[in-house]
Amino acid sequence: MTTSRLSTAWVIDGKVLKHVISSRLRVLGVRPMSKLRFGLRLKLLFFSSFLLTIPWLGYQYVWEMETYLRIGQEQTMVGTARAVATALHERPALFDSQSAYLTDVKPGTDLYAHKIAYPIQLDGKLDDWQDYRHLSIAYDEQNLIDSIQDYQLDSLHFTHMVGQYDRFLYAMFDVTDNKVLLRPTNSLRIDKNDHLQIAMTDQSGLFQRYIIAPTQPGWVNAYLLKDDLDSLQPERLETKIQGQWRNTVSGYQLELRFPLAMISSKIAFAIVDVDDPQTRSVEQIMGTANPSQLDSLGTVLVPSPEIEKILKGLQYSNARVWVVDKHMRVLARSGNIQKSSGVHSGSLNNLFSNNDLDHQKSGWEYIEKNWLLPLYYQILTKPPADFVDDLRDAFALQGQDISQALSGKPSTLWRLSSDNKAVIMSAAHPIYIDEKVMGAVVIEQTTNGIRTLRNKALEQQFHYILLVILISTLALFLIASRISWRIRKLRDDTENAIDQQGKIIGDIVPSSAGDEIGDLSRTFAHVLSRLSQYNTYLENMASRLSHELRTPVAIVNSSLDILLLEQQNPETKQYVDRAKQGITRLSKILTNMSEATRLEQAIQSNDHETFDLEELLKGCVAGYRLVYANRTFDVQVSVSHSTFHGSPELFAQMLDKIIANAVEFSEENSAINLQMVNSEPGYVLTITNQGILLPKNMQHQLLDSMVSVRKQQNTEQSHLGLGLYIAKIIARYHQGNIRIDNLKDQSGVVVTLVFKDLKI
């Protein structure tokens, strides 16, 4: 049985259906799709981002492991320092009997013989000392031993250092002297000119003094002085002390070499300045110590080759080892801090060799090298390939760990290199001789090996974590896509089952899935089925009610007609007339109730035809002028052609509804203007009237069914609010849109009709 889908009751309940469905969605925790700000996929992607906590936890775990590795490295280094110190305990022969037992060390007086990598060529040019010039000591007024004249800086000052290579001690002097006065060729005195005095104790402890006083620049030897401390008379020429004297623009330069076997540890150098060639009197004596007094001599510390042999025998090449005396002066050292990573490179290769073989010459290797590792090392730090070593040529060490070790307590210390690239850890352990601390062993390593291990571990961990995250995210995305697709399908099925007027025009196919969405789909299908049955009843109720009421209305109407034919008194006739008016109004109401149904049936059975829209419009306006004599109608048509395809009867009916509405809400003797023009979509028809404005926020609702804004003062006419609604239905039948608005000057109302196609 065909049912009327335009029933007034159904229009109302169709909107109720949408409200019921929206309410049901809210009860089930699902918001209407039009109000969603984030879809399920975005939400699942957001929550899947918490998977990123996995690499963060792994990163923290590896950092903790690095901390434990550092603690282990620290303990290992303390154990190594203890082992080296054990090899040096109670071996006094390894320590110089004089310099190591000094209570204090005087800079510039107590000298340190730096290790020299290559033998020095004795040419007086000091070129071989360039790599060690930063270790030299400057001597000036503070180092004057005897000053006869007032001191002038340009008169005398010098830089000096000593070094050790193999079995020889080398010394360098770069002297600034404004007047260089050498010994005359025929002079027997060696002290009446510029000269160098050397004082030392030999291996047997004897005090020996020497003077170097050449007659001309070039090769020099020393003169051994007699034992008389008050005399500077030479005893013989000492050829073991050799050197080269070279005059310069500012003074002279002197290089010396003599065997280490000549000295024990006491030594002093002094430069004597003579400027007056006539008197040849000494003006200044400047040096490391007074060479004429045994007790004022300084010491020279030569790195112990015996200790170096012990360190070399330990074969601990993955650390730098220092041995210092109790004055923190370096006695021996071994190893290179640049290579002291704390972890052998072979261990790293063995640990990750399998993965390297698997990845070699593969696409994965390219991805890892060019994409992943650059990403990882945005947060990771690579160990430096090179860094500044401040202690490369150090002859004395200092630090809290060494101070504690010299006080008898093993200690460790962490420090940064001067360029802040490397972290260096040192461990110090005391060396005991006769239950006294005579020195300390210092072991140094960098944390580069641990950092490399950490980076390798994090690289592998990040690989697996990224793989897990990608797979998990993809799986969640697919699941979310599937869920959102099912929800969107359910939404589309629901919207397609109900048209814009709220009528049920289709069904929802219930899902067979056993999850919540399937249950929601079956619930929607069941709700829609029940509402469809109920609204089918409501749709038919209007026509049934109209059919049932027409018979008693006709009976009452005919009875009243008969009564009107009979002779009646005025009072009775008044009541009969009122009853007749009521029956007439009731008949009009029944007619209006079925008008929408008849219109839909007419639309379904109506055939399209081509007609002249301009002619139709002008013909209708001519009729309106006769019917509504108290209104002025003005029509303007500005179109290139007015051929239209549709139903002229329905189009005229649409105009009737709009004009009737305009007449009712306009003032008497006012003008109603109709204008039709061409536009890009097609035709635009506007109908304007002067009069009452539309209530605010009611423009869109006036086109709905059963909506009226008339004041209920006219009891002679019954208005069900269907006029503009019927006009909208006819406009849509002709593939057009209708809109009603207040005029911009607030003088009246305009109805706009836009038809997109000329042929429909």
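Read-outs: derived from the displayed coordinates by stated rules, not from any lab. It should be emphasised that the depicted structure is a prediction, and the values quoted were computed from it without experimental measurement. So basically every Cβ, Gly included, is an ideal-geometry build from the backbone, and we count neighbours across all protein chains shown.
Which order do peptides 397-410, 728-741 fall in by mean Cβ count within 10 Å, highest first?
In decreasing order of mean packing, 397-410, 728-741 become 728-741, 397-410.
Calculate the FRET efficiency for Thr551 and Val677 from the Cβ-Cβ distance with a Förster distance of 35 Å, rounded to the nearest 0.05.
0.10
Taking 0.36 nm per intervening residue step and subtracting the Cα-Cα distance, what contour gain separates His526 from Gln568 on full extension?
Full-extension gain reported as 8.9 nm.
Over 27 Å between Cα atoms: which of Lys115/Lys409; Lys339/Lys456; Lys618/Lys728 fall into that group?
With Cα atoms farther than 27 Å apart: Lys115/Lys409.
Quick check: from the Cα gyration tensor, does region 106-302 come out rounded (a/c under 1.5), prolate or oblate?
Because its axes are fairly even, with a/c under 1.5, region 106-302 counts as rounded.
Using the structure shown, list the pairs from Lys43/Lys503; Lys503/Lys657; Lys226/Lys266 with a Cα-Cα distance above 30 Å, or answer none.
Pairs exceeding the cut-off: Lys43/Lys503.
For the pair Thr185/Gln533, report the inter-label distance in nm, with labels modelled 7 Å from Cα in the Cβ direction.
Simple spin-label model gives 14.4 nm for this pair.
Work out from phi, with θ = phi - 60° and the Karplus expression 6.51 cos²θ - 1.76 cosθ + 1.60, the ³J(HN,Hα) of each residue of region 169-183, listed in order in whole Hz, and give x for Gly and Pro.
10, 10, 9, 10, 10, 10, 9, 9, 9, 5, 9, 8, 10, 8, 6
With the contact rule set at Cα under 8 Å and sequence spacing of 6 or more, what percent relative contact order holds for region 106-302?
28 percent
Just report the Cα centroid separation between region 372-388 and region 421-495, whole Å.
13 Å
Using a Förster radius of 41 Å, what is the FRET efficiency between Glu664 and Ser512 based on their Cβ-Cβ separation? Nearest 0.05, please.
Efficiency for this residue pair is about 0.15.
With r as the distance between the Cβ atoms of Arg133 and Thr279 and R0 = 35 Å, compute the FRET efficiency 1/(1 + (r/R0)^6) and round to 0.05.
Once the sixth-power term is evaluated, E becomes 0.45.
Could you work out how much longer the chain between Asp146 and Ala385 gets when fully extended? Use 0.36 nm per residue separation minus the Cα distance between them, nm to one decimal.
80.8 nm
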